[in-house]
Each structure stands twice: as structure tokens, then as C-alpha cells.
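Nothing in this text is a laboratory measurement; each read-out follows from the coordinates by a stated rule. Just so it is clear, the structure is predicted and the values come from calculations on it, not from any experiment. As a convention, Cβ positions derive from the backbone with ideal geometry for all residues, glycine included, and neighbour counts pool all protein chains shown.
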Amino acid sequence: MKTTIYDVAKEANVSISTVSKVLNHTGNISEKTKKRIWKVIEELQYQPSVVTSTRKMMKTIGLLIPDIANPFMAELARAVEDSGRKKDFSVIICSTDNNSLREEEYITMLKQKHVDGIIVATGLKNSQAIRELIESDMPVVMLSRDIPHLPVDTVVADDFKGGYEAAVHLAQLGHTNIAVIAEKINNTSIKNRVIGFKEGLQVSGIKIDESAVLDCPYDLSASKDISLKLLHQKHRPTAVFVTTELLGLGVLQAARQLHISIPSSLSLVGFDNSILAKISDPQLTTIAQPTEEMGEKAIELLIDGMAHSKQKKAVQRVMLSPSLIVRDSTASLL
């Protein structure tokens, strides 16, 4: 018959609550009593419930991401998981598919599992869901997503700066006829990349026509179709900036089909520095997000939120700098 906490309490001649406090490292219990209880636990081979005991030290957090198939999000999830494990946290990864109903279902599930905190890397179309999380005293951190005017700790890359650096790089190579293919989604990060790119061009003395900024679903075939139309134009661009690297692969496919050489006839800059940038042919010049640092900072803020869950504290917004990585998809305009 399986040993219970009642058996331990009886054998150690203490109350059940005292055993519970020792298991959970709480309360003011004498060292002598602690040693006696641990000795009984070992003798009776008592195994505390994984749910109720924290002796194992491993706590659990939930991570909401929009799409695990998105290479950048997969790498960001790995960064959170690695950083979490260093701090003795296990991570439950929930891929929402940018579906508001699924977001709500996952949040409900994570609450039912009594996770210690939640990191949200989705746009959360229904901002009421995160409002309710905050009001429930659940420690929450937004990661790679920014919802203005909500009192929640946030870790983001400086998307504006990333877009700006991409524009300046192309301008320095002599490009003036430049197009943008942007992921069509109501997302502050994507918007800021485009705004930053336009600002970088303006500072470089280049004016971009709004018709050259093209919206595209996060889909390879859609990106290829849009790129084919773009590159078929009589006065086609000599450079393209894409807000995510999957869209960049669509540009590469279209250019190859039209026998347009990259980078000698067309330069291409991506954003994220996911595995896609490294395995593409040619390898993509891109704006690298500091994924490891983002994961570390998100865990750090979440732990801080757990420590002050019953207290009011100042909301922290951490913005980390991306960096330009020049590879083989950009070249000077001949």
C-alpha cells in the first residue's frame, strides 16, 4: 500500500501540517524536527505528489507562442526553455495559431494546472484575456509582443532600430528603388519594422512610394506570388526588405524563376536571423534578434514578478538591440 503523508506524520509524531511545511520549505520548523521527518520519509519511501510538493524545486511556467512552425518562434521558445531550466523551471509550450479562442483555452488550461507564471509571445487578439491574467495576480511577461497601455512587464527587440539599420545598409550600397514585403498582421512589431525602415530611407535621402510597401500573409507561396508580380514590373526594385525571413524565401524563389541573380541584380534583407537565413541560398543578410538574451530577460522578469506577486511594483519594459548581419544576399548597386 502506498505511503501517505498521514503515515509520515504518525511515524514522526508530528502534525500533517508540519510535514507539509518541511516538504515545502516553509514555516519555522526546528532542524531537529526537520531531520526526523526527512529520516521517516526516506525509511517509508514516501513520494510526495508532483503537483503539491515543491521539494523537487522545479516550478512550471506556461509559454504562449503564435506558431511553433515559425522558425523564429521555435528558437525563441528554446531560449525561454533553456533559460528556465537554468532557474529550475519547466516550460509548457502552447502554440495558439494566432487563434483567440485557442489562446483563451490555453490560458484556462494553464491556470487549472496552477503554473507559477505565464510568458506571452502571441499578439493576444483579445487583450481582455491578458487583462484578466494580470488582475488574477498571475505573474505575466509579454515577450516579443507589445500591448500598449497594459500594465505588464514586457521584453521586446527594438524593431524600429532593426528596420532602420536594414534601410541604411541598402542605402549605403547605392539602392534607391526599394520595396518592402511586410507580414499582413495586426502586430506592433511588424509595424515598427516598417516604420523604422521608412525612417532609415528618409534619413538617407530616399523617398519610398507607399505602393512599394506590400502586405503579405505569413505564407511562402503567397510571398512568391507577390514577388513574381513585383519583379515582373518594368522598373522593378533593385532591393527588397522583408519583415520576416519566410517571406524572404518567397522572394528568392520568385527571383530564381525569373532568372534574377541575388545579390548581383537584386539585394534582399530579412529580419529575425532564424535558421532560414542560414540555410537559404544565398544566405540572407538579416537583422538578428537577440533571442537568448530575450529568453533570459523574460525569465528574470517572471521570477521577479513571482517574488512580488502580492505587492505593487513598477512595470518594466525592456527593449533589446537587434544587429545587422551581412551575408550573401546584398551587394552594391552596379
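A few comments on the model shown:
- This model, with +1 at the C-beta of Lys and Arg and -1 at the C-beta of Asp and Glu, gives the chain a dipole about its Cα centre of some 780 debye.
- With eigenvalues of the C-alpha gyration tensor scaled by 5 and rooted, region 203-298, Å: 24, 16, 13
- Taking every Cα-Cα distance in region 5-44 and sorting them into 5 Å bins from zero, the calculated P(r) comes out as 6, 29, 41, 21, 3 percent.
- Taking the helices alone, the chain has a mean residue ellipticity at 222 nm of -13500 deg cm²/dmol, built from -39,500 (n - 2.57) per DSSP H run of at least 4 residues and averaged over all its residues.
- Legend: ranking of residues Lys32, Lys191 from fewest to most surrounding C-beta atoms inside 10 Å; resulting order Lys32, Lys191.
- What the Cβ-Cβ distance of His232 and Lys191 gives, at R0 = 25 Å and to the nearest 0.05, is a FRET efficiency of 0.35.
- Here is the size of region 135-262 from its Cα atoms: Rg then Dmax, 16.6, 58 Å.
- Cleavage-rule hits, trypsin sites (Lys or Arg not before Pro), region 213-306, DSSP coil, Cβ neighbours within 10 Å at most 12: Lys234
- Beta bridge orientation in region 187-334: antiparallel %, DSSP, nearest 5: 30
- With 20 Å bins from 0: P(r) over the chain, alpha-carbon pairs, percent: 28, 43, 20, 8, 0
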